[in-house]
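Undergrad: One structure follows; several queries about it will come next.
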Amino acid sequence: MEIPRNLKIYLSFLILFVAVVQMSCNQSNEYKQQEKESSKADRLELIRERGKLIALTDYNSTNYFIYRGTPMGYQFELLQSFADHLGVRLEIKTNNDLDQSFEMLANGEVDLISIGLTKTRERQEIVDFTDPIDQSRQVLIQRKPDNWRKIKTADELEELLIRNQIELAGKTIVIQKNTSFFDRLVNLSEEIGDSIHIIEDPNKEVEQLIAMVANGEIDYTISDEHIAMVNQRYYPDIDVATNISFPQNLSWVVDKGQDSLKILVNNWIGEFKNTLTSRLIYNKYFKNQRTRNYAKSEYHSIGGGKISPYDDVIKTLSEKYRVDWRLIASLIYQESGFQTDAKSWVGAYGLMQLMPSTAAEFGVDSTSSPEEHIEAGMKFIQWLDRQIPEEVVDPQERMKFILAAYNVGLAHVYDARRLAKKYDSDPNVWTGSVDSFLRQKSDPKFYRDSVVRYGYCRGEEPYNFVIEIMDRYDHYKNLIKN
């Protein structure tokens, strides 16, 4: 029986469609496989190639935060020391969801996770643990009685608090989801032969739950002891003296099979833990009583969320001039540390450190208000933007050109672009191209080059100026709401 012509055409199209779909699926699977293989490439080699360590940590009042415009934190400073040891820059990513953090590690989005994790069988199946970076116990967070300050003796107070783990029978304990606290409480329930009601909160992290205990919203939670001790300074109405575990090792983690990175981290940990720097960093965050003032300050990224006394002004003007206020805040921090009376050796002054001639051009002088100085600085940035060639199209790269010109002047930036073009580098890309030529304008070979019109420049200064502002801006974006 002969197949009708219309049906033949239909079947031909159907076969073609199936073939195209199959080819598309194969290409998609091939791409996913390549992506997966890329994420499994040697991370240490990639770190060295890119000149940057990408690490993930959690944001809280101990590990990573902003205080008075400065990135701080125990894990942050450890990571910075490790990056310095490697001779690379540090980029921080944050995530307080451990499942997502492990996913980012497996996908190659980050090189390591720096939180301080305890080993569990389940975790060891998906990540590799480094040697211990620290050690801690798990402790119960409970609220002291309302009248605890009036209780005459310590023994009387002790009788009103849970000190024996058996007393946790029948109690409800709220913990952060995906922590080793759950396994410990399950084992403890078996040990005491009674139920402990465990609630895993998917939205709150440890410090938020500690605050909820202090405020009477929940009765109990669990924390690592060093975190608990710090938070007890903020919340004197909580008690953290009841241990529910033996001391446990806390480690960083790398992706499965990243042996070269793991070995390097372990070697560094072995050396670093015996240094004065290591002890100073630990004491700074866990023993120094001044840390109590950090989280209570309005200039703490978690406590008050402010960077400076001028945040509102910067936000208003940044909206007017269409720039992220956190970038301007990072620039002001770099220039003056938010000090209105700051003055440089070359005569620049005020929050934005404008030279007298530039300040006059934009309508301000030493008697002008901080608000007027900030706006003058933004007008200057806007003017510089108009001078940068349109060929510099990437917004982030363009901002780096603007910042360099803000620091050292347009003339030297133009020279660096001409050098980049002459030496077959991209004159429209700052990082790894124009920045390196500006940096070399202190070398006679380059500042005497025929394409250079403005001579010698101490290029290291604007080079670092751009890096430091953009790095701080990244920290601000991590921790401060837009």
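Undergrad: Working only with C-alpha atoms, what are the Rg and Dmax values of region 35-146, expressed in angstrom?
TA: Over region 35-146's Cα set, Rg and Dmax evaluate to 15.9, 58 Å.
Undergrad: With 10 Å bins from zero, work out the P(r) of region 138-246 over every alpha carbon pair and list the percent per bin.
TA: Reading upward from the zero bin: 15, 49, 31, 5, 0.
Undergrad: Quick one: Cα centre-to-centre distance for region 372-435 and region 212-262, in angstrom?
TA: The two parts, judged by their Cα centres, are 46 Å apart.
Undergrad: Pull out a ≥ b ≥ c, the square roots of the eigenvalues of the alpha-carbon gyration tensor of region 268-371, then state rounded if a/c is under 1.5, prolate if not and a/b is larger than b/c, and oblate in the remaining case.
TA: Numbers: a/c = 2.72, a/b = 1.94, b/c = 1.41.
It is prolate, given that a/c is not under 1.5 and a/b is the larger ratio.
Undergrad: Another question, then. Less than 11 Å Cβ to Cβ from residue 214, Lys/Arg counted +1 and Asp/Glu -1: what total charge do the surrounding residues give? Before the final figure, lay out each step's value.
TA: On the way: positive: 143, 144; negative: 207, 217, 237, 239.
Net of charged neighbours comes to -2.
Undergrad: Could I ask something else about it? Could you tally the net charge around residue 116, taking each other residue with its Cβ under 11 Å from the Cβ of residue 116, Lys/Arg +1 and Asp/Glu -1? Before the final figure, lay out each step's value.
TA: Numbers: positive: none; negative: 58, 134, 224.
Computed value for this residue: -3.
Undergrad: Counting other beta carbons within 10 Å of each residue's own, what order do 233, 386, 50 fall into, fewest first?
TA: The most exposed by this proxy come first: 386, 50, 233.
Undergrad: Taking the Cβ of residue 396 as the centre, find all other residues whose Cβ is under 14 Å away and add up their charges (Lys, Arg: +1; Asp, Glu: -1).
TA: My count for the surroundings of residue 396 gives -4.
Undergrad: Also, I was wondering about something else. Please arrange 172, 130, 221 by how many other C-beta atoms lie within 10 Å of their C-beta, fewest to most.
TA: On the way: 172 13, 130 22, 221 27.
Starting with the residue having the fewest Cβ neighbours, the order is 172, 130, 221.
Undergrad: Quote the relative contact order of region 284-333 in percent (integer), defining contacts as alpha-carbon pairs under 8 Å separated by 6+ residues. Please list the in-between numbers first.
TA: Numbers: 31 pairs, mean separation 9.1, N = 50.
That works out to 18 percent.
Undergrad: Rounded to the nearest whole Å³, what is the per residue volume of the convex hull around the Cα atoms of the chain? Can you show the working numbers first?
TA: Values: hull volume 125.9 nm³, N = 482.
Hull volume over Cα atoms, normalised by residue count, gives 261 Å³.
Undergrad: Counting other beta carbons within 10 Å of each Cβ, put 151, 328 in order, fewest first.
TA: Least crowded to most crowded, the residues run 151, 328.
Undergrad: Can you compute the helix-only [θ] at 222 nm over the chain? Use -39500 (n - 2.57) per DSSP H run of at least 4 residues, normalise by all residues, nearest 500 deg cm²/dmol.
TA: Details: 21 runs with 241 residues, N = 482.
Rounded to the nearest 500, it is -15500 deg cm²/dmol.
Undergrad: Taking every DSSP beta bridge that has both residues in region 138-246, what percent is antiparallel when rounded to the nearest 5? The partial results should precede the final answer.
TA: Details: 9 of 14 bridges.
About 65 percent, rounded to the nearest 5.
Undergrad: Related question: Along the principal axes of its C-alpha atoms, what lengths does region 311-479 span, in descending order and rounded to whole Å?
TA: 45, 33, 25
Each value in this text was obtained by applying a stated rule to the coordinates, not by laboratory testing. Owing to the predicted nature of the structure, the values given are computational and were not obtained by experimental measurement. Cβ: placed from backbone, ideal geometry, glycine included. Neighbour counts: every protein chain shown.
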